[in-house]
Amino acid sequence: MSIRKILIVDDSRTELYFLSDLLNKNGYTVSTAENGEQAMAQLAADKPDLILMDVVMPGQNGFQLTRQITRNPAYSEVPVIMCTSKNQETDRLWAMRQGARDFVTKPVDPHDLLSKIMALP
């Protein structure tokens with residue numbers, strides 16, 4: 001599967017702008033959501049090829065939302081990369097247990113993120 005459409009889920013408008021700009025400049029089509037409710041609406045409206053997921057958000061956090069998405073048969077094939085300021089090994093392990101395919105820490109290194117996206121099957 002080739003990654004073309006990416007959904008960014010983050011409650012920080014600064015992060016949404018930075019990641020959207022980076023991905024658009026590298027040829028990806030980007031949509032955004034600021035919370036779990038918006039993310040689920042975006043998924044239903046136009047299923048992306050990849051989700052970049054923040055962890056700390058109001059309401060449903062990124063771990064909970066990742067689990068909800070990856071365990072839903074309609075969306076389980078959409079890979080999730082956690083993109084968070086939480087940088088402990090336990091956070092990375094917990095993200096993977098929820099169904100995330102990879103994990104990057106903020107501030108995001110553009111080369112690292114793009115490499116992880118291109119490495120997805």
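We did not get these values from a lab; they are worked out from the coordinates using the rules stated. Here the structure is a predicted model, which means the values were calculated and not measured. Cβ: placed from backbone, ideal geometry, glycine included. Neighbour counts: every protein chain shown.
When DSSP beta bridges are limited to those with both residues in the range 5-119, what percentage is antiparallel, rounded to the nearest 5? Percent antiparallel among DSSP bridges in the range 5-119 is about 0. Restricting the range 1-103 to GluC sites (Glu not before Pro) that sit in a DSSP loop and have at most 10 other Cβ atoms within 10 Å of their own Cβ leaves GLU77. Per-residue ellipticity at 222 nm computed for the chain from its helices equals -12500 deg cm²/dmol, with DSSP H segments shorter than 4 residues left out and the rest contributing -39,500 (n - 2.57).
Could you tell me whether the chain comes out rounded, prolate or oblate from its Cα gyration tensor? Rule is a ≥ b ≥ c as square roots of the eigenvalues, rounded for a/c under 1.5, then prolate if a/b exceeds b/c, otherwise oblate. Taking the square roots of the gyration eigenvalues as a ≥ b ≥ c, the chain is rounded. Each residue, ASP46 and LYS25, gets one label point 7 Å from its Cα in the Cβ direction; the gap between the two is 2.2 nm. Label-to-label distance for ASN61 and SER85 is 1.4 nm, based on points extended 7 Å past Cα in the beta-carbon direction. Under a Gaussian network description of the chain, with springs only between Cα atoms under 10 Å, the residue in LEU43, LEU19, LEU93 that fluctuates furthest is LEU93. If a spin label sat at a point 7 angstrom from the Cα of LEU114 along the line to its beta carbon, the backbone N atoms of the range 61-105 nearer than 18 Å would be those of 104-105.
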